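The values are calculated or read from the model by the stated rules, or taken from the named source; none is laboratory data. Fair warning: this is a prediction, and the values are worked out from it, not measured in the lab. Counting neighbours? That spans all protein chains shown, and the Cβs are built from the backbone with ideal geometry, glycine included.
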Amino acid sequence: MSKYLVNLKINNMPIAVEEGTTILEAAKKLNFRIPTLCNHPDLTVAGNCRVCVVEVKGARLLAAACATPVSEGMEVFTNSEKVRVSRKHIVELLLSEHNADCTKCFKNGHCELQDLASEYRIGDHVFLDLVKPESLIQDISSPSIVKDDSKCIRCQRCVRTCAELQGVSALAVVNKGDHQKISTFLNKPMHEVVCTNCGQCINRCPTGALTERNYIEEVWNAIYDPSKFVVVQTAPATRIALGEDLGIPVGERVTGKMVASLKKLGFNKVLDTDFTADLTIMEEGTELLTRLKRALVDKDEKVVLPMMTSCSPGWIKFQEHMYSDMLDNLSTCKSPQQMFGAVAKTYYADKINIKAQDMVVVSIMPCVAKKFECERPEMRDSGYQDVDYVLTTRELAMMIKQAGIDFNKLSDEHYDSILGESSGAAVIFGASGGVMEAALRTAYEIVTGREVPFTNLNIQPVRGMEGIKDATIKIKNVKPEWSFLEGVDLHVAIAHGLANARQLMEKVRKGEAAYHFIEVMGCPGGCLGGGGQPIPTSPEIRKKRSEAIYQEDEDMPIRKSHENPEIVEIYKEFLGEPLSHKSHDLLHTHYKPRKRY
Amino acid sequence: MENNLKKVDIIFEVDDKCTPLEVLDKTLKRSADDIILDLIDSGLKGRGGAGFPTGLKWKFTRNETGDVKYVICNADEGEPGTFKDREILDRVPEKIFAGMTICGYVVGAKEGYIYLRGEYNFLLKNLMKKLEDFNNALKKRNIDFRIYFKSGSGAYVCGEESALFESMEGKRGEPRNKPPYPTVAGYNSKPTVINNVETLVYTTMICHMGPEKFKALGTSDSRGSKVFSVSGDTPIPGIYELELGMPLHEFVNEFGDGDTKAVQVGGASGHCVPRKKFNDTIIGFEGIPTGGSMMIFNSSRSMYNVLHDYLEFFTEESCGQCTPCRVGCQQLLKGIEAVKRGERPPAYLDDLKKLTGTMKIAAKCGLGQSVGNPFNSIIDNFREEIIY
Ligand SMILES: Cc1cc2nc3c(=O)[nH]c(=O)nc-3n(C[C@H](O)[C@H](O)[C@H](O)COP(=O)(O)O)c2cc1C
Ligand code: SF4
Ligand code: SF4
Ligand code: SF4
Ligand code: SF4
Ligand code: FES
């Protein structure tokens, strides 16, 4: 259905926009910025903060620009006296309820409320202080997330994020009136509820009410400790987003600068999670082929299909809570971060002659769930906690600023070796569909001896931002040892964002979907949209990050995991072969059912 | 003093020669458009508080396309000092059912719901029986309309129509953004007529007696009569059906105890009228409208306490989602306390009055928008009582 054009005037300037456009969107087209707090491009409209109010000629009430569609002949004023007085009142009211100790706040300098307060020069407090003493006690139970109710402005972005994007609803609005607040089930600590630690709520919280648990000081201390050998690994999606927090436009890759800055920060070795992403492909690809063989040849009834990826710890915890009957579907492979930690404190430590107990492994991740993951009791296969500290992309940016490094002026540097070499297949782990594509590039070649039949190795059907994608790959002319796969249609599906994952799981559980392999990433867009990535996020920003990731892949000399020479070497020298005994000890894990609330 | 106050008996009148079902039978023989014309002609405006012309509301809903529409009777009656809907539900429920059925016929709805205030669940047993009989009567007549009860959640804000829909849909009772209005997207996002209990009874009675008789009552802006809940310092508290458009002094003469200092017209969200303004205050849409509550205060009452009670009520009953209301109510409450204790100067009351100006135009729903009514009318007329 084609849409009508609606004519209106905003601040006396005429404009015609499609029916259904909000005043906020129409004003943006005319370059009038209307402040917002509860509105977010990824979420449904709430219209509850009211800072976006505008005057509509002839109307008794001000209209919330984010929630009001335009209508024919409408005359809107975005900065009339009434609007200014009301908007200032609203900001003052929010601040009166707010524990505005900005200097101590993790969001200082990155806070939408602070910006608004400074824009309106809210000086003397007109109104009475309403901060409730009980709200000052922070919830620091989770290793990933800090919840500080005294900083909450009740915009409900987190609630909508958790429900609409993630289908988890760990956070909800409770009580009414002056007692209304954002709470967990029975007001339990975050660590004891269904929260997956995905951090998507953090990405959308306009204030310091939800932030990552930060480990910046711990990492500095490790760096300064002469008895420690500190190695750092960087996840695929960090290199395409770090620049955003350091004054570089969205979508610009900063791999070389990131490596250079990490060296300047004083890490002893700068290594790459992409290496273990390649390792994951070897293990997980082989696991898939093994499961297929057991199902198709051995007719083993215990083998569980579809196999599901396991590199996203938010997704893993979601599955443990919500679909604990399907834990056997999950690949037993650890995430690349945890494979890295286990390999670093064994194989690598031996190679460079450092004792594992003297090594500190730090991860730079686009993710806050990885902070939880590294503390899981299952993740100590080196005999020590395999990964010691996880920093988000945002925390790394802060460290770079603290160190006074002029990031923009850095010359590109290379990862150290070994554990620094990787393929293009590894970097696309950062985008939804990337693990699938990387696995297919390798598995198809193992089975047929030929490259995947897609132009330039780019498997387009598994790419893109659609919530659930599926594809079928026909396997033909296989090598003799894989004859049982001859002519098989391999059905795969990909979901990103846990609400989409939930939909896909329901289909699988009901038996409506005959897939062999499913990739799930906990965050919208995959890790590039992870809970630890620079704020803000939006569909456009994620699209640009995604383009950067695929460009990074194309620019890599090696595009397939099994061709990474360091991977070849680690199997030769240390692991033997995929799914070997040693692999099982170090690189694989198991999961545990958790409560549904 | 002469008293022209006119008591009326339409709502509770029981006419054995014409039962609500008989009104229904005769009305459904007429065309929907004729019924709408009569309602518009009668001048009936909603009795739930907002005073929207009922005929127009039905017409807008009728004009919406789509085969699923709803009729909802708002029986949440949460406004402090209002208890007239309870009486109507208890005494003449068939008139409500008939009004809903007529509405269903007019707008093309097949389902009607009565959203009953949680506290009124004790009425349910009696009501269920009568509703069953009524639904059976509809079935026998081959009228494709059924009525159901839904129990309210007990929050005042759930009487606000869009919060009521949210609550009926099993969600948290938070008011929605408007537009869209209920006539376009109400319950389950379908076109919905929502009317107050009393409004629906009047529609039945207008269909029964014709618009002329109704129109003959009241004034040009406020046609007909209305049921009042009279409470406070009065020797004769209770429910009274009175002609609209009366001057307040006549009301006070009839119901006051001889020492009336002020009347709160329209419940906590209404206006407080002081004695000196009784003579030139009209009760009706041209003057001070009311959903029915009339609270009378004599000189023994502290208006500070009255205002404090109201503000406590709003501070608790705000759904809490929008800033002007959630925080504004707290500031008003804490603000008058601070002035009373001398922690803020009397002029702070003027800052708070300005704040109510913002609440009135920027709050998301009628609750936050109307807190300024009692606040300003009490501060303006009883400033000394607030400060000292
Ligand atoms: C906070 C709030 C509470 C309300 N409570 C009620 C109520 O209890 N009963 C009612 O009929 N209308 C109530 N209303 C008005 C309804 O939103 C709506 O206007 C009314 O039900 C429409 O019916 P009418 O046109 O017959 O008056 C309330 C409005 C607000 C803002
Ligand atoms: S949330 Fe924002 S306004 Fe509040 S203390 Fe933190 S930086 Fe300041
Ligand atoms: S971290 Fe994820 S799951 Fe947990 S509350 Fe936030 S959005 Fe919900
Ligand atoms: S925690 Fe953050 S996102 Fe959630 S309501 Fe509070 S301020 Fe908004
Ligand atoms: S005005 Fe009050 S009751 Fe209405 S939506 Fe806002 S907070 Fe809720
Ligand atoms: S941004 Fe429009 S109401 Fe919050």
Filter region B:327-349 down to the residues that are crowded, with 24+ Cβ neighbours inside 10 Å and either in contact (Cβ under 8 Å) with a residue 40 or more places away in the chain or more than 9 Å from chain A (Cβ to nearest Cβ) (or both) and list them by number. B:328, B:329, B:332
Test for residue A:303: is it buried (at least 16 other Cβ atoms within 10 Å of the Cβ), free of Cβ contacts under 8 Å to residues at least 24 places away in the same chain and either more than 20 Å from residue A:530 (Cβ to Cβ) or in contact with a Cys (Cβ under 9 Å, 6 or more places away or on another chain) (or both): yes
With the requirement that a residue be under 21 Å from residue A:208 (Cβ atoms), away from ligand 6 (no atom under 16 Å from the Cβ) and in contact (Cβ under 8 Å) with a residue 40 or more places away in the chain, what does region A:71-107 give you? A:99, A:105, A:106, A:107
Residue that is farthest from the chain's Cα centre (by Cα), among those in region A:73-110 that are of a type in the set (A, V, I, L, M, F, W, C) and at the interface with chain B (Cβ under 8 Å from one of its Cβ atoms): A:85
Find the residue count for region A:345-376, including only residues that are surrounded by fewer than 19 Cβ atoms within 10 Å (Cβ to Cβ), out of contact with any helix residue (DSSP H, G or I) (no Cβ under 8 Å at 6 or more places or on another chain) and charged (D, E, K, R). 4
Name the residue that is nearest to residue A:153 (Cα to Cα), counting only residues in region B:350-359 that are more than 7 Å from chain A (Cβ to nearest Cβ) and surrounded by 21 or more Cβ atoms within 10 Å (Cβ to Cβ). B:359
For residues in region A:34-72 being of a type in the set (D, E, K, R) and either more than 8 Å from every other protein chain (Cβ to nearest Cβ) or closer than 21 Å to residue A:98 by Cβ (or both), which is surrounded by the most Cβ atoms within 10 Å (Cβ to Cβ)? A:50
When restricted to B:171, B:139, B:178, B:129, the only residue without any contact (Cβ under 8 Å) to a residue 12 or more places away in the chain and under 20 Å from residue A:47 (Cβ atoms) is B:171
Answer from B:364, B:354 - the residue that is more than 16 Å from ligand 2 (Cβ to nearest atom), free of Cβ contacts under 8 Å to residues at least 12 places away in the same chain and either assigned by TED's automatic domain parsing to the domain that holds residue B:265 or basic (Lys, Arg) (or both): B:354
Given the conditions (1) away from ligand 5 (no atom under 16 Å from the Cβ); (2) over 21 Å from the mean Cα position of the chain (by Cα), report the number of the one that residue A:173 does not fulfil. (1)
For region B:1-119, please list each of the helices (runs of 4 or more DSSP H) lying entirely inside it that holds at least 2 residues being within 20 Å of the chain's Cα centre (by Cα). B:32-42, B:54-63, B:84-91, B:93-107
Would you point out the residue of region A:113-128, among those that are away from every other protein chain (no Cβ under 14 Å) and within 28 Å of the chain's Cα centre (by Cα), that is farthest from residue B:329 (Cα to Cα)? A:115
When you look at residue A:211, is it assigned to a loop (DSSP other than H, G, I, E, B), β-branched (Val, Ile, Thr) and either closer than 27 Å to residue A:35 by Cβ or more than 16 Å from ligand 1 (Cβ to nearest atom) (or both), yes or no? no
Residue selected from region B:360-388 under the condition touching a strand residue (DSSP E or B) at 6+ places or on another chain (Cβ under 7 Å) and farther than 19 Å from residue B:299 by Cα, by the criterion nearest to the other protein chains (Cβ to nearest Cβ): B:362
If you go through region B:130-177, how many residues are of a type in the set (A, V, I, L, M, F, W, C) and not in a helix (DSSP H, G or I)? 5
Residue pairs qualifying under the 8 Å Cβ cut-off, at least six apart or on distinct chains, with the first in region B:36-50 being hydroxyl-bearing (Ser, Thr, Tyr) and the second being surrounded by fewer than 20 Cβ atoms within 10 Å (Cβ to Cβ), are B:42/B:215
Subset of region A:137-179, residues near ligand 4 (Cβ under 10 Å from one of its atoms), away from every other protein chain (no Cβ under 13 Å) and either at pLDDT below 95 or surrounded by fewer than 21 Cβ atoms within 10 Å (Cβ to Cβ) (or both), comes to A:149
Any idea how many residues of region B:268-325 are under 29 Å from residue A:47 (Cα atoms), more than 13 Å from ligand 1 (Cβ to nearest atom) and either assigned by TED's automatic domain parsing to the domain that holds residue B:81 or among the β-branched types (Val, Ile, Thr) (or both)? 2
If you go through region A:467-476 one residue at a time, do you hit one that is part of a helix (DSSP H, G or I) and touching a residue at least 12 places away in the same chain (Cβ under 8 Å)? no
